[in-house]
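To start, the structure itself, in structure tokens.
The values are calculated or read from the model by the stated rules, or taken from the named source; none is laboratory data. From a predicted model like this one, the values you see are computed outputs, not experimental measurements. Here the Cβ positions follow ideal geometry from the backbone for every residue, glycine too, while neighbour counts run over all protein chains shown. Please note that ligands, DNA and RNA were not included when accessible areas were found on the heavy atoms of the full protein model with its side chains. Shrake-Rupley method; radii C 1.70, N 1.55, O 1.52, S 1.80 Å.
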Amino acid sequence: MTTAEQTEFLTGGLRPHECRSCGTCVLVKKNSIQHTSIQWTSRPADTCPVFADADGPSALLDTCPKLADSIGDAVREGTLAVADG
């Protein structure tokens, strides 16, 4: 059974973000400049061209570099906040 505290820890602060490259929507939380939490709302290989074109199992990919760039752009533009300020 998941407690309210666990749910808040896992999902609190997540915001929708649409990748500027392919339009895939994920939930994102920037805990710091270095730390990004991403929760996929779809199966990555079904919606992200980078995951779909992966050589081998897409589960071995850390993340999509185009999505990471899109999130970075959103942070620089101020449309995605960093939790630690």
Q: Give segment 1-18 a look and list any residue that's within 13 Å of Ala68 (Cα to Cα) and open to solvent by 60 Å² or more (accessible area, probe 1.4 Å), or say none.
A: Glu18
Q) If you scan segment 64-82, which residues turn out to be on the phi < 0 side of the Ramachandran plot and open to solvent by less than 70 Å² (accessible area, probe 1.4 Å)? A) Cys64, Leu67, Ala68, Ser70, Ile71, Gly72, Asp73, Ala74, Val75, Leu80, Val82
Q: Name the single residue, out of those in segment 29-57 being aliphatic (A, V, I, L, M) and part of a loop (DSSP other than H, G, I, E, B), that is surrounded by the most Cβ atoms within 10 Å (Cβ to Cβ).
A: Ala54
Q: Test Ser21 against the criterion of being of a type in the set (Gly, Ala, Ser), in a loop (DSSP other than H, G, I, E, B) and open to solvent by 60 Å² or more (accessible area, probe 1.4 Å), and give yes or no.
A: yes
